[in-house]
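Each value in this text was obtained by applying a stated rule to the coordinates, not by laboratory testing. These figures come from a predicted structure and were not determined experimentally. Reconstructed Cβ throughout: ideal geometry from the backbone, glycine too, with neighbour counts over all protein chains shown.
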Amino acid sequence: MEWKERTYCGQLTAMHGGKTVLLMGWVDAIRDHGNVLFIHLRDIRGIIQVVFDPKVNEQCYKRAIGLKEEYAIKIRGEIRLREKGTENPNLPTGDIEVLATHLSILSGSRVLPFPISEKAMVFGEEISSGPEHVDEELRLRYRYLDLRRPSMQEIFVKRYQIIKCIREFLDQRHFIEIETPFLTKSTPEGARDYLVPSRVHPGKFYALPQSPQLFKQILMISGMDRYFQIARCFRDEDLRPNRQPEFTQLDLEASFIDEEFIYETIEELVVRMFSIGGADLDRPFPRMTYAQAMNRYGTDRPDTRFDMAFKDVTDIFRNTGYAIFRKIIADRGVIKGFRVKGRAHSLSKNVLQNEYAQRIVPEFGGSGMTWMKVADGKLQSNIVRFFSEEEQAHLLSRFSAVDGDILMMIADQSLDTVNRVLCSLRLHVADRLGLIPPQTYRPVWVTEFPLFELKNDQLRSQHHPFTMPDRTDFDPSDTDDLLRLKSRAYDLVINGEEVGGGSIRIHTMDIQEKIFQALGLPR
């Protein structure tokens, strides 16, 4: 096979006009005009139109008549510009075609279980054969066919390009790529370990790593300074859209640096990675403390692609005549809510009351929801009569509400409940009303996480016990003081998903001993 002469379909341009090329790939689509046969030939680099004309080579044309979709073929032919008006704007190679002079069938194909061609590019005809139109079980059964789709192959190509970008970028910044072991001992992490039995030591097991945490710490104290790894990680946990039993992550560690080094390095890297996918991100990324994120969005993974940040209105109703609010406030409860700007026409009173207040909010864990619409500069709802003119005016001012807006509020004795329910409600409403802009990415750093938290009346590290606190003059026996400590930890959140995180490590024995003492751990 003349593989040295081969040219890829997607690499051809009008500049190659008049040249003879050798192409190998799969038949993507066929159209027979009776006296001329057109096919689209597809390979890993793209698609190009091939013309079989009996006037050029009758034997080649007769052989081409027997072609079916997904036949693997080899053709030789001359590149020429398409006639004016026959160009295909849906193809990068749409202004040229190959006039075939030789054809070899390398492998035939049976009738396909589902179409593979998925672009609106088959001679100007729309084809709706994307993966979303094919049953998933059928796709998995014929995985080798499913992976022939250009959109599926593009995922692998982009992944390769991103990893290449990571390696080049970190190499320029003096990071060293080091592989760490897969077979290791079990250590306490966030999920269960996958265990591998040892043949040499019956009854003993290796654990597959959830992360290279211990190994990279050893590298740092060994003086390696800056390390990274495209690491495979394994976690035995329930499947979710953002959780898989095995996944790949960029793992890195650096010595003699601070948070600003991490912010600067990761931001520049993330911007470059996203540009590979055609997305432009602005720098610097916004920063938000944990307290700010919880107060505004009810989560430490805020989706900032759209507004609807929370407002605390508890103080407005301290002396209200509305008994439900008055009781909740008396029990040290909280009232918070958000504004849905200009969408009063999209959610009827029936939807707000019967769907959201009575069904959806209880599903989120709330006991109910208070809603109000704004019209003619005034609040409208079935309970607005219980609020004084002053309370209504303060409410309008607090939310900066104007005609056409909706106010949604949750009241409860538990701040955690209010935040959790409002967070779910905010996302539900935004999704329902189409308020989340597509193909938009909004990164944000979340910082200053609490160092400790109380769980079942027991003090524990929110992150891990090796995270550096924001100050070192704390009393390890004073629980209230410990709960005020912030950690030098940070998470990178994009569109409501935590995509990365880390912290500055404790590097002095006296601070580490105080942390262990606070947690009741032996030295």
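Distances between placed amide hydrogens fall under 5 Å for T289 paired with T447, all partners being 5 or more residues away or on another chain.
Placing dummy labels 7 Å off each Cα toward the beta-carbon, the span from E246 to L183 is 1.6 nm. Phi angles across region 504-518 convert, under the Karplus curve 6.51 cos²θ - 1.76 cosθ + 1.60 with θ = phi - 60°, into 3J(HN,Hα) values of 7, 7, 5, 10, 10, 5, 5, 5, 5, 5, 5, 5, 4, 4, 4 Hz, Gly and Pro given as x. For region 87-104, 3J(HN,Hα) computed residue by residue from phi via the Karplus equation (6.51, -1.76, 1.60; θ = phi - 60°) reads 5, 10, x, 7, 10, x, 9, x, 9, 9, 8, 10, 8, 6, 10, 9, 9, 10 Hz, glycine and proline entered as x. For the pairs K19/K55; K185/K216; K4/K62; K455/K486; K311/K373, note any where the Cα-Cα span goes beyond 24 Å. Beyond 24 Å: K4/K62.
Backbone amide hydrogens, once placed in the peptide plane, bring T304 within less than 5 Å of N495, G496, excluding anything fewer than 5 places away on its chain.
Computed over the chain, relative contact order equals 9 percent, with contacts defined as Cα pairs under 8 Å that lie 6+ residues apart.
The H on the amide N of I96, modeled in the peptide plane, is under 5 Å from the matching H of R82, each at least 5 residues off or on a different chain. In whole Å, how far is the Cα centre of region 14-84 from that of region 398-453? Region 14-84 and region 398-453 have Cα centres separated by 55 Å. What percent do you get for the relative contact order of region 155-256 when only Cα pairs under 8 Å and 6+ apart count? It rounds to 24 percent for region 155-256. What the Kirkwood sum gives for region 275-434 is a hydrodynamic radius of 16.4 Å, with every pair of different alpha carbons counted.
Convex hull volume of the Cα atoms in the chain, per residue, in Å³? Hull volume normalised by residue count: 242 Å³. With the simple model of a label 7 Å out from the Cα in the direction of the Cβ, L433 to Q380 spans 1.5 nm. Backbone phi angles across region 359-371, fed through the Karplus curve with coefficients 6.51, -1.76 and 1.60 (θ = phi - 60°), yield HN-Hα couplings of 10, 5, 4, x, 5, 7, x, x, 8, x, 9, 9, 10 Hz in residue order; Gly and Pro are listed as x. Partners of K74 within straight-line reach, counting aspartates and glutamates whose Cα lies under 13 Å from its Cα and excluding those fewer than 8 residues away in the same chain: E2, E5, D43.
Kirkwood analysis of the Cα pair distances in region 443-519 returns a hydrodynamic radius of 12.9 Å.
If eta is 1.002 mPa s and T is 20 °C, what Stokes-Einstein diffusion coefficient results for region 1-118, Kirkwood Rh from Cα pairs, in µm²/s?
151 µm²/s
The simple spin-label model puts a point 7 Å past each Cα toward its Cβ; for E237 and K19 those points are separated by 5.1 nm.
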